[in-house]
1. Past 24 Å, Cα to Cα, is the threshold; run Lys199/Lys393; Lys185/Lys344; Lys289/Lys315; Lys151/Lys211; Lys199/Lys301 against it and keep the listed order.
2. Taking the Cβ of each residue in Tyr380, Tyr329, Tyr245 as the centre, tally the other Cβ atoms inside 10 Å and list the residues starting with the fewest.
3. Around Gly253, what is the net charge, scoring Lys/Arg as +1 and Asp/Glu as -1 over all other residues with Cβ under 11 Å from its Cβ?
4. What FRET efficiency comes out for the pair Lys88/Lys211, r = Cβ-Cβ distance, R0 = 45 Å, nearest 0.05?
5. Multiply the residue gap between Glu260 and Ala399 by 0.36 nm, knock off their C-alpha separation, and tell me the result in nm, one decimal place.
6. Looking at segment 153-232, send over the antiparallel percent of its DSSP beta bridges, to the nearest 5.
7. Can you put Glu230, Glu209 in order, fewest other beta carbons within 10 Å first?
8. What share of the DSSP beta bridges in segment 235-317 is antiparallel, in percent to the nearest 5?
Amino acid sequence: MGLIPSDLKSENPQAEETLFKIMEKEKERRREKVLKSAEAKPTAAKNPKADTLMGKLFSETHARPEEGDLVEGPVAEKGKSKVFIDLKPFGMGIIFGREYINVRDILKKTSIGDKITAKVVEAENEDGYIELSLKEARQAIIWDEAEEVMKEKRILLLSAKEANRGGLIIEWQGIQGFLPASQLKTEHYPRVEDGDKDKILEELNKLVEQKIEVSIIGVEPKENKLIFSEKGPEQKEKRKILDKYELNDTVEGDITGIVEFGVFIKIEEGLEGLAHISELDWGLVEDPKELFKVGQKVRAKIIEITDDKISLSIKQLKPNPWEKADKKYKTGQKVEAVIIKFNKHGALASVEEGVAGLVHISEFGGEEKLRESLELGKKYSFIINIFEPAEHKMTLSVAVRDAALK
């Protein structure tokens, strides 16, 4: 029947009461009709009306829409702060109150007869209407779309809104999502030694406001959260590339990045490896930029393949000075060495290129005494205390205190 209230309803209590009674009688009449129809158990052959649109609606839908259902119907009436949706054969839907305020800009643009999809928030309120939410319906539709985007592995071009120590915050269709740092491509991954969280955040902040190609890998409506990945389907291709290589293979590539803890080397399109600072040279390397430059071609040895990461060594393709040292030095031998570095354990002294020993801080009773006795760049006489060339390990004791050899 489709009773259509108007805004005069609240201004004319008698008219409102009359309309309400008419609606209640109509609802009761429909219930009785449905009950009689169920008792009669008509078949399509015995009940020609079952082939009509109304008959099909009643036969296919046995109950009113429930809370959480999505429904669709034409706009039947518009008021100052409410909109009525005709949901035949179940009655009238209404968007009002807070639900109206949330989407009033959208509703103002609708006209009588326009179809609207909404979500049921109350199956039947005290006035007999089906209360609807356009905002919640839109959210439900967006979540459905997110599921579809994930299923199809569709690529989205989105901006990072902000960063935290774990990754990036990205927004899609009004929903905030998270892109974990582990799901960033190699060129965007924060190249930070020892996992320093402050440095990671500093690197991730450089990506804020940048457009990034991502895919959805997780949809969590209850948490109101999406999980993104920048890696995408090409990771499978990377795995195929990695499968071509094995440990101890020698590769050649271009240096694509130099950081304080090593250099990144592009082996081929889609594959980049890291040579840690400790694998750049047999001698002490303080700053990789002093040895290499971006674009330089280098040869390296594969020393580790873990998941989709590859570790390289440049020094292992050079002669190992510790192998020669094994034949030249022994425990108790007196040697001359130059102090090349201080650390928390003591002083590092270079016996020859690529072979250095540690002068432990305990030899001097503290850092201050150590630095007073030994100077960077000066040569001193030492005794080898421990010598394990296979482990690249040597410890030294000062042979003659405070006497620099000329």
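Every read-out reported here was derived from the displayed coordinates using simple, explicitly stated rules and does not represent laboratory data. Being a predicted model, the structure only gives us computed values, none of them experimental. Here Cβ is always computed from backbone atoms with ideal geometry, including for glycine, and neighbour counts include all displayed protein chains.
1. Beyond 24 Å between Cα atoms: Lys199/Lys393; Lys185/Lys344; Lys199/Lys301.
2. Tyr245, Tyr329, Tyr380
3. Residues close to Gly253 contribute a combined charge of -2.
4. With a Förster radius of 45 Å, E is 0.45.
5. My answer for the length gained is 46.5 nm.
6. 85
7. Glu209, Glu230
8. 90
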